[in-house]
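Participant: Got a structure for you, questions after.
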Amino acid sequence: MNADVLVAEVGSTTTLVNAFTGLGTGKPRLAAQGMAPTSVLDGDVTVGLRAAVESLERAVGERVSWGSMMATSSAAGGLRMTVHGAAYEMTVRAAREAALGAGAVVKMVTAGRIGGTEAREIARVRPSIVLLAGGVDYGDRETVEHNARVIASLGLEAPVVYAGNVAAREAVLEILGSEGVEVIAVGNVYPRIDELNVEPARRAVQRVFERHIVRAPGMEKIREVVDGEVIPTPGAVLKAAELLYRAIGDLMVVDVGGATTDVHSVTEGSEEIRRMLAAPEPLAKRTVEGDLGVFVNAANVAERVGWETLERELGLDARAVLERMVAARGAIPGTREEVVTVRRLARECAEVAVARHAGRVRRVYGYGGGADVAEGRDLTAVRWIIGTGGVFTRLPGGAAILEGVARGGAGQSPRGDALLPVSARTLVDHHYIMSSAGILGMSAPDDALELMRLSLARGDHPSATPDSSYHVT
């Protein structure tokens, strides 16, 4: 079989390879798919990539050739970022949105002048990239220039993306450049009061990601196999969500992974809530929960549920099941006990992550009496909740988890003041291609949109099973 493009998704636990044909013809198609355990921990990502290609070839029953290969990755720990701005509710918050939207893991956030304790913590974190913001355009310069001097003094090898006050740009470039720090200057993330501009910073972070990921332990050889772009998987899923929003409207995407759970939403929210917002929100938003995952963080999630509760619900020894999975380094549940355990943990991950992603309305009081103020993400206008990733696309019962999220999540607090979806339908990314569609959409948006249209459907995939590869018919 000859494919136009192979797109690999290198995750923390599994590597997926999708083969696409018919690109540019108006009839794009996912021809086949393969999956294998990720081999980053073995010191060479190409082992898992080649195993996933072999899995794909077994699915089609013949050798596969391709024109080019692209990749998305959330392996090797992602980008460790620190974010620094002036006022938390303004530039710090805007910069954090840009970082998360690009697929970074934000390890530290500071507001105002960086002090000695904070400087030592930045040095300890050893970020892969620093995002420096602060001040609306032509506003305060002193804070961001002070922070640039502190960062320059730390001797970090990380590049700095400067997305702050345009009037301070020249001074910041000089301060950092004099110490040999690489600086990438982009538009201010908060150029004016109540205006967010996160996309330029997001693109800059993604450019740095590719340079970082090809040097990360276990990933150094990725260019032996991948000749196209490499972008962060969460950033690719967000790009796919933005593309899909233009076709079907307000949506949310939930991706429960082995190490993290990501929630992406593309929505302006309701007009009523917008009038109550204390601070503006971007159209496209991502949150990542680093403590919620069904493999690397499985024990953390089990503790949230409660081991006794978990074992009583499932009627099995959950500790023993998880210990076997971790010992085997298996990313794909194979036995009935593994499937039901992972499914229950995934339910917890999805419900908690969506609850954290959502904003809230709270009552505040002043001299004039009380008023309702909305803070954070308004999901009330979301009409579609989409599940992607192995949990939703390969395990039976994934669709039921999404339905629980749409109902507000069993076991969660009553909706009350939470800005959760009010009336949403669920879809599953049956072909497991949203991250692939995101990277394809950068050059072929029509093809990417059609591929998602063919993939998204209600309910579990008819062949939802722990089997790792299949030939699409």
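Participant: Please compute the volume of the convex hull spanned by the alpha-carbon atoms of the range 1-158 and report it per residue in Å³.
Facilitator: Roughly 152 Å³ of hull volume per residue.
Participant: Would you count, across the chain, every pair of lysines whose alpha carbons are under 30 angstrom apart, provided the pair is eight or more residues apart or spans two chains?
Facilitator: Total qualifying Lys-Lys pairs in the chain comes to 6.
Participant: Any number yet on Rg/Rh for the range 2-75, C-alpha, Kirkwood?
Facilitator: Using Cα coordinates only, the ratio equals 0.99.
Participant: Next up: Using 0.36 nm per residue of separation minus the Cα-Cα distance, give me the extension gain between Arg58 and Glu313 in nm, one decimal.
Facilitator: Difference between extended and current length: 88.0 nm.
Participant: Rg and Dmax of the range 92-141, Cα atoms, in Å?
Facilitator: Just the Cα atoms of the range 92-141 yield Rg and Dmax of 11.8, 33 Å.
Participant: Could I ask something else about it? Starting at 0 and stepping by 10 Å, how many percent of the alpha carbon pairs of the range 111-200 end up in each bin?
Facilitator: 18, 53, 27, 2
Participant: If we sort 1-10, 94-103 on the protection proxy, mean other Cβ atoms within 10 Å, highest first, what's the order?
Facilitator: The packing order, highest mean first, is 94-103, 1-10.
Participant: Sticking with this one: When the chain is fully extended, how far beyond the present Cα-Cα distance does Ala167 get from Ala299, taking 0.36 nm per residue of separation?
Facilitator: Computed gain between Ala167 and Ala299 is 42.7 nm.
Participant: Right, here's the next one. What order do you get for 276-286, 429-439, 128-138 when each peptide is scored by the mean count of other beta carbon atoms within 10 Å, highest first?
Facilitator: My ranking of the peptides, most packed first, is 429-439, 128-138, 276-286.
Participant: Find, to one decimal place in angstroms, the Kirkwood hydrodynamic radius of the chain, where the mean of 1/r is taken over every pair of different Cα atoms and then inverted.
Facilitator: Roughly 23.0 Å, rounded to one decimal.
Participant: A follow-up question, please. How much length, in nm to one decimal, is gained on full extension between Ser68 and Ala371, taken as 0.36 nm per residue of separation minus their Cα-Cα distance?
Facilitator: 103.4 nm
Participant: Looking at the chain, do any whole DSSP H helices span at least 20 angstrom along their long axis by alpha carbon and average -0.5 or above on Kyte-Doolittle, and which?
Facilitator: Helices meeting the span and hydropathy rule in the chain are 45-60, 233-248, 336-357.
None of the figures in this text is laboratory data; all of them are computed from the coordinates on show. Just so we're clear, the structure is a prediction, and the values are computed from it rather than from any experiment. Here the Cβ is made from the backbone with ideal geometry for all residues, glycine too, and neighbour counts use every protein chain on show.
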